[in-house]
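Computed from the coordinates by the stated procedures, all read-outs in this text should not be read as laboratory data. Everything quoted here is computed from the prediction, not taken from an experiment. We place every Cβ from the backbone using ideal geometry, glycine too, and count neighbours over all the protein chains shown.
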Amino acid sequence: MNILEIADLGVTFSTDTGDVPAVREVSLHVRPGETLALVGESGSGKSTVALATMGLLPGNARASGRVTVDGTDVVGAPEAALARLRGRTASMVFQEPAAALDPLTRVGSQIAEVVRNHRKVSRSEAARAAVDLLRRVGIPEPERRASAFPFQLSGGQRQRVVIAMAIANSPALLVADEPTTALDVTVQAEILDLLRRLAADSGTGVLLVTHNMGVVADFADRVAVMLRGEIVETGSVEDVLLRPRHEYTRSLLSAVPRLRLSGTDAPATQEPPVVRLSDVSVRFGRVRALDGVSFDVRPGDTVGLVGESGSGKSTAARVALGLVAPAAGSVSLFGTDLGRARGRARRALLSGVGVVLQDPVASLDARMSVAECVAEPLRVHRRGMASAERRARVAEVLELVRLPKELANRGPRELSGGQRQRVSLARALVLRPRLLVADEPTSALDVSVQRTVLEVIAELQRELGFACLLVSHDLAVVQEFARRVVVLRDGRIEEQGPTMATLLHPETEYTRRLIAAVPVPDPVLQRQRRENRAALGTGAGA
Amino acid sequence: MSGRVETAGRWGLVAQFPAPLGARFARNKLAVAGVSVVGLFLLFCFIGPLLYSTDQTHTDLTQVNLPPSGSHWLGTDAVGHDQLGRLMYGGQVSLLVGLTAGVLATVIGTLWGAVAGYAGGWVDAVMMRVVDAGIAIPALFILLVVSAITSPGTLGLIVILGLVSWLVPSRLVRAETLTLKNRDYVLTLRATGGTHGRAIRRHILPNSVSTIVVAATFQIADAILLVAYVSYLGLGVQPPKTDWGGMLSAGLTAAYSGRWWLIVPPGLAIILVVCAFNAIGDGLRDAFDVKGRG
Amino acid sequence: MDTLLYLGRRLLQALAVIVIVTIVVFCLLHALPGGPARGILGPQATAQQIAAFNHEQGLDRPLPVQYVYYLRELAQGDLGTSYTLNEAVSRLIEQRLPKTLVLTLLSALAGLLLAVPLGMWQAVRRNRPADYVITTLSFVAYSTPVYFLGLILVLVFTQTLRWFPSQAPQGDTLAQVFADPAALVLPVVTGAASMVAVFSRYMRAATLENLSEDYVRTARAGGAGQYAVLFRHVFRNSLTPVVAMLGYYVPVLFGGALVVEQLFNYPGMGLLFWSAAQSSDYPVLLGCVLVISVATVVGTLLADVVQRVVDPRVKEGRV
C-alpha cells in the first residue's frame, strides 16, 4: 500500500483580492521506502501540497480531493485526529532552521516534547530518547548539546534538531519542504546524506519538495514536476532528468546552472586593475569579517567571489564600494585610493560604479516609478541634463536590459522579481560604469529567471566592456560567468586564480570539498560524485 | 491558524498586491467610526456656537445650578453658564490645543529621531540618552511644575505640551530611520556617489511618512488627554475660558451632590474624542502596515 | 561575560540618564521667578533682603559651581527643605514614598494579572465578536482620564451602592494602609484600568505575531495541539516584549498615582506633590520629580535585566 496517496487535490486560498487556486487536481503517490521529489518554481504550489499532506494549511485555505497518509484521510479530518497523525505517522521538516525552533526552549526539551506527544513516557525517559535522537542525527556531544538553546547552534545543527524531532516516533512518511535551501552547500550535502541514510534505515517514504534539480538528482527515486498548481510530468528520476518530455521540464533543466567538469580558461588581460583590495582587514566589533584579503578586478573581466555564509564575500564587495571602511589595508578604485577620496572627488569616482544587490524587493524604492529609479544616478551625477535627454537615456538602457518600454511608468510593486532585478541592472548601467558590483544578483530569483538575468549581464558586459565583481554562493553560476574566482573562507582567501583551473584542479582541501558538495542535475553522474565525496571525508558535524 | 497566505514562495512574484490604502482603512469599522466622531465633534464645537449661541463670559446668577431642561439642554453650572454652550466652547480649546500640540510634538520628535537614527554612533547615543531622560520624568509632574512657575495662555500650553510629548515619536522615527538607512536602495545610492542629503530627502523621509502619520494621530489623542489632566488639576486655561478638563474640575464638588450634568457631558466628550483618535491611529497603522504603539 | 558587559553598559547608560535628569531639575530650580529667595521670604521681600539671602545660600555663584554643590547635596541625600511644611524634603518623601509604591505595585500587579491572559485570549479569538468588544473596551479605558473613571467609580460604588468608602486608607504607616483593604479597592481598580487596557493590547499584538512564527508550525507538525502550543511556546515568547514595555510604563504609573491619590485623598507622594503644586513649594516639587525619575530609570534597568534573563539570546547593543 502506498504510504501517501493524493487524488485530485485542490487548494484555494481566499485573500483580500479574491480566491487564488494554488493547487489544481494534483494526484501522486509515495511508496514505503521511496523518495518522491516534487519540483517547481515559486508559485507552483509544491509547498502547499506538502502542507496539505500534514493538514497544516493556513486558516484561509480550502482543500478538496483526497489525501491519505498510511490509510488515514487528511482532508476534512478533525484537528484531534490530525494531531495524532503529525509527529507519529507523518513528520515534516521545514525550510528555515533559523526560525523553526522555539528560541526560548532548550533543544532537548523540544525533541522530548514530540516524543511525549505520542508516547506515554516519563520526562526523564523522553529526555534520554532526545539525546539518543541527537546522536542519530549526527550532533557531536549530544548530552551537552541537549541543553543548548537554538541560537547557540549553527544552521546545519538546527536543521539536524528539526530532523531529530521529525524521526522521533519513526514516522512512515517524511515530508521535507526545501530542507536544505537555506543552508550552505557543504552542509546541504551532509543533511541530504543524513536524510537518505535515515530513510533507508527505517524504510520511510519521503516527499521531498525542492526547486533544486541537483538535490533531486542526489536524493530522489521518482520526480513530479509542478507548474502553476498542476503536475506536468512524473517519472523516475533518470527519465525526467535525462529524458524530459514536457516542454516546461526541458526549459527548467536547461536553465539550471550546471557545474562543468572540464573546460579551459580564457587568457587574462594585463591592463591596470579597475578595483584592487590590498591586504584588507575588516572588523565588526569582535568579529573579524575580513583578514588580509587581496585581489583585483581587471577591465572587462568578471571576478567571482565565492564562499559560504560568513566567509566575508559580501563584506569584500562592500569594501570595494566604499560602504565599509577597512581597519587595515587599502582599496583603490580606478587607480585612486578610495580611503582618502572625499567629497566631490569621491562622488565622481563612485559614479563609475554600478551596483546590483540581492533582494529584488528592497533594491527599488517602491515610492518611485521604474523610470525614476533608473534615472536617479543621472540626477545625482548629471545635474545639468535636460529631462528630455534623461528620458531618452532611461528608455535606451531599459531596452538594453530587455524590458518593454511600457514598464517605465509602472511602480516596482507591479513587477516580478526578475523584472525588478533588471530594473536594478538598468539603474546600475545608466551612467555606463566601468565596474559593476553584483552581490548575489539572482539568488532570490527562480531558476528560469536567473538564467535570463545572468545572460543579460554577460551580454551587456561584452557590449559595454565593464568589469564585473560577482559575489555568489553558487559555484556553477560563478564557473559559467566569471573568468577568475576568489574562494573565501572565514574572512580569508582560501585560493584564487583562473576559474577553470581553480575549480577543476583545486589546491586546497576546502575548495575540493566545496566543489564535491555541489549537486549536479544528472542522477547517474551525481551518484558517482557522491561516492567520490564520501571518499574525501566530510567536515566536522556542521 | 496564522492566516498568512502562502501563494508564492519566499521571493516569487506577488500574485496579487494588497488592496489600496483607502479600502484597507475602510475595513476597520472602529477606525471609520472614529473619523465620523472626530468630524462630528469638530462641527459641534466650531460651528455649533453659530447655531446655538450662549454667553460664556458673563455670569447669570438667576440661572444657577439648573438641571437639564427645555431652555438649557444640559443644565447650568454654579455661575449660570449654559452647559451645552460651555461644552462647545470648552471643546474648541481642548481640540485646538490637542491637535496643535500633537502635531508639534510629532514634528519635533521626527526631526530629533531622524537625525539620531541617520547619524548613528555617539551622536545617536547622546540624543537617545536625552530622550530616555525625558521619558523617565513623568510628563504630568513636569507640566505641573512648569505651569506653577508660569501661568501659560493657550499658546504657552501648546508649546509646553509639545515639548513634553515629543519623546515617543522620536523613538519611533529613529527606529524607522535606522531600518530605512540600511535598505538596499539607500545603500545602492550611497555606493554610487549619492549624498546623505539626497538619501534623507528622497528616500528616508517619504518612506517614513506612514510611521509619522500614525505617530501624529496617537500624539493628538495623548495631547487631548493631557490637556484634560492639566486643566483638571487647575493649571490649564484660566476662567472664563475653559476646556473640558476644566469643566470637570469645576463640576467636581457639585457632582458629589448629585449634579451629574456638570461632569458627565465633558467626561464623555473627552472619552469619545480620544477614543476616536486612537481608533483612527490603530486603523491607519494596520492599513499602512506599520509597527508602532500596540 | 557577555552578560556582564551588557549590564555594565546598561548601568552606564542609566547613570548618564540620571545625570541629565539632575541637570533638567537643576535648571528648573533656577528658572523659578525670583528664585527660591522670593519663595521663602515672601512677595514683600525687598531687593536687599533677596540679595542677602542669595549670598548666604550661595545663590550668586556661577551656575556650574552651583550645580556641583547641588550634586554634592544630592549625594548626601539632601533635597532641600519644604517652604510650607518646614521639613526636610527627603524626610517627607521617605515618609510618603512607600505608600505610593504600595498603591502603584498593587495596581500594576492587578493590571498585569488581568491584561496578560486577556490579551492572549483576544489573540486566539482574533476578529471574533469577543475580540472586538474587548478591543473597544480597551480603547475606552485607555482614553478615559483616570480621574473621570475614579469619579464614576466613586459615584457608583460609594454614593449609590455604598460598597466601598470614598477615601483610601488614611494612616501613616503601611500597617495602617493594609488594615483597611476595602478602602484600597477603588483606588487600585482606578489605577489598574488604564494599565489593563494598554498591556492587553501589547499582549494581543505580541501573541498574534508569535502565532504566525515558524516554530509554531514545527510544534504542530510534531503533534502538539493548539492550546499546548499556546501555553508551552507562544506564551513565553510573547511575554518578552511586554516585559520590555513595563520599564517605560513606570512614569505613567506614577502619573496615574498622582491623580488617584488626589482623588481618593491617599497620603502618598502624589498627594504631597499635588499640595506642593498648589502652594508653589518648589523644593518638594523638584525633589519628587527627581526621586520619581530615578525610580523610573531603575525600573527600566530592572526590566531590561529581567528580559535578558528570561530571553537568553545575546542582545545586540541597542543604543
Between the Cα axis of helix A:185-202 and the main Cα principal axis of chain A, the angle (0 to 90°, nearest 10) is 10
Taking every residue of C:223-230, the Cβ atoms of other protein chains inside 10 Å of its Cβ average out to 5
Treating only Lys and Arg (+1) and Asp and Glu (-1) as charged, each at its beta carbon, one finds that the protein assembly as shown has a dipole about its Cα centre, in Debye to the nearest 20, of 1160
Given Cβ charges of +1 for Lys and Arg and -1 for Asp and Glu, the option among A:23, A:117, A:63 whose Cα lies farthest towards the positive end of the dipole of chain A is A:117
Taking the alpha-carbon centre of each part, the distance from region B:101-123 to region A:123-138 in Å is 52
Simple SL model, points at 7 angstrom along Cα→Cβ for residue B:63 and residue B:257; separation in nm is 2.1
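For a quick protection proxy, order the peptides B:236-244, A:506-514 by their average other-Cβ count within 10 Å, most packed first.
On the way: B:236-244: 21.6, A:506-514: 16.9.
Peptide ranking by packing, descending: B:236-244, A:506-514.
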Phi-derived 3J(HN,Hα) across region A:431-438 with the Karplus relation (6.51, -1.76, 1.60, θ = phi - 60°), rounded Hz, x for Gly and Pro, is 9, 6, x, 8, 9, 10, 9, 10
Looking only at aspartates and glutamates whose Cα falls under 13 Å of residue A:46's and that sit 8 or more positions away or on another chain, we get A:25, A:177, A:178, A:230, B:6
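Loop-only trypsin sites (Lys or Arg not before Pro) in region A:129-222, please: DSSP not H, G, I, E or B, and at most 12 other Cβ atoms within 10 Å. Walk me through the numbers on the way to the answer.
Details: sites: A:135, A:136, A:144, A:145, A:158, A:160, A:196, A:197, A:222; in loops: none.
Taking region A:129-222 and a limit of 12 other Cβ atoms within 10 Å, no loop trypsin sites (Lys or Arg not before Pro) are found.
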Relative contact order of chain C (C-alpha contacts under 8 Å, at least 6 apart) in percent is 26
Once both label points are put 7 Å beyond Cα along the C-beta direction, the residue A:505-residue C:130 separation in nm becomes 7.4
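Can you list the DSSP H helices in chain B whose Cα atoms extend at least 18 Å along the helix axis and whose mean Kyte-Doolittle hydropathy is -0.5 or higher?
Working: long enough: B:29-42 (20 Å, 2.08); B:83-119 (52 Å, 1.13); B:121-136 (22 Å, 1.08); B:167-181 (21 Å, 0.35); B:205-232 (39 Å, 1.40); B:264-288 (35 Å, 1.34).
Within chain B the helices that satisfy the rule are B:29-42, B:83-119, B:121-136, B:167-181, B:205-232, B:264-288.
Among rounded, prolate and oblate, which fits chain C when a ≥ b ≥ c are the square roots of the eigenvalues of its C-alpha gyration tensor, a/c under 1.5 means rounded, and a/b larger than b/c means prolate? Could you put the intermediate results ahead of the total?
Details: a/c = 2.93, a/b = 1.57, b/c = 1.86.
Oblate shape, in that a/c is at least 1.5 and b/c is the bigger or equal ratio.
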So, with points 7 Å from each Cα along the Cβ direction, the residue C:176-residue B:46 label distance in nm works out to 5.3
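For C:209-217, what's the mean count of beta carbons from other chains sitting within 10 Å of each residue's beta carbon?
Details: counts 1, 1, 4, 5, 5, 10, 12, 5, 10.
That average works out to 6.
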With a Förster distance of 30 angstrom and the Cβ-Cβ distance between residue A:181 and residue A:279, calculated FRET efficiency to the nearest 0.05 equals 0.25
The answer for chain C, counting only DSSP H helices whose Cα atoms cover 27 angstrom or more along the axis and whose Kyte-Doolittle average is 0.0 or greater, is C:2-29, C:89-124, C:181-211, C:235-264, C:282-310
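Could you work out how much longer the chain between residue A:309 and residue A:388 gets when fully extended? Use 0.36 nm per residue separation minus the Cα distance between them, nm to one decimal. Walk me through the numbers on the way to the answer.
Numbers: separation 79, 0.36 × 79 = 28.44 nm, distance 4.47 nm.
Answer, rounded to one decimal: 24.0 nm.
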From the Cα centre of region A:444-489 to that of region A:267-296, the distance in Å is 19
So the angle from the long Cα axis of helix A:155-167 to the longest Cα principal axis of chain A, reported in degrees to the nearest 10, equals 20
In chain B, taking the dipole from +1 charges on Lys and Arg beta carbons and -1 charges on Asp and Glu beta carbons about the Cα centre, the listed residue (B:233, B:165, B:143) farthest towards the positive end is B:165
Here the net charge surrounding residue C:16, from other residues whose Cβ is less than 11 Å away from its Cβ (Lys, Arg +1; Asp, Glu -1), is +2
The size of the Cβ-based charge dipole (Lys, Arg +1; Asp, Glu -1) of chain B about the Cα centre, to the nearest 20 debye, is 1180
Spelling it out for residue A:495: with amide H atoms placed in the peptide plane at 1.01 Å from N, the residues 5 or more places away or on another chain with amide H under 5 Å from its amide H are A:487
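Using r as the Cβ-Cβ distance of residue B:71 and residue C:114, and R0 as 51 Å, what FRET efficiency do you calculate, to the nearest 0.05? Provide the component values of the computation, followed by the final result.
Details: r = 46 Å, r/R0 = 0.89.
Once rounded, the FRET efficiency stands at 0.65.
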Answer in debye to the nearest 20: the dipole magnitude of region A:1-152 about its Cα centre, from +1 Lys/Arg and -1 Asp/Glu charges placed on Cβ, is 720
So the angle from the long Cα axis of helix A:370-381 to the longest Cα principal axis of chain A, reported in degrees to the nearest 10, equals 40
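After finding the eigenvalues of the alpha carbon gyration tensor for the protein assembly as shown, what semi-axes result from the square roots of 5 times each, listed largest first in whole Å?
Numbers: eigenvalues 748, 261, 177 Å².
Gyration-tensor ellipsoid for the protein assembly as shown: 61, 36, 30 Å.
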Nearest-0.05 FRET efficiency for residue C:71 and residue B:150 at R0 = 22 Å, using Cβ-Cβ distance, is 0.25
Farthest towards the positive end of the dipole of the protein assembly as shown, among A:335, B:261, A:321 and with Cβ unit charges of +1 on Lys and Arg and -1 on Asp and Glu, lies the Cα of A:335
Within 10 Å of the Cβ of an average residue in A:116-124, the count of other chain Cβ atoms is 1
One finds the C-alpha centres of region A:313-387 and region A:161-229 to be spaced, in Å, by 41
Ordering A:523-535, A:334-346 by per-residue average of other C-beta atoms within 10 angstrom, highest first, gives A:523-535, A:334-346
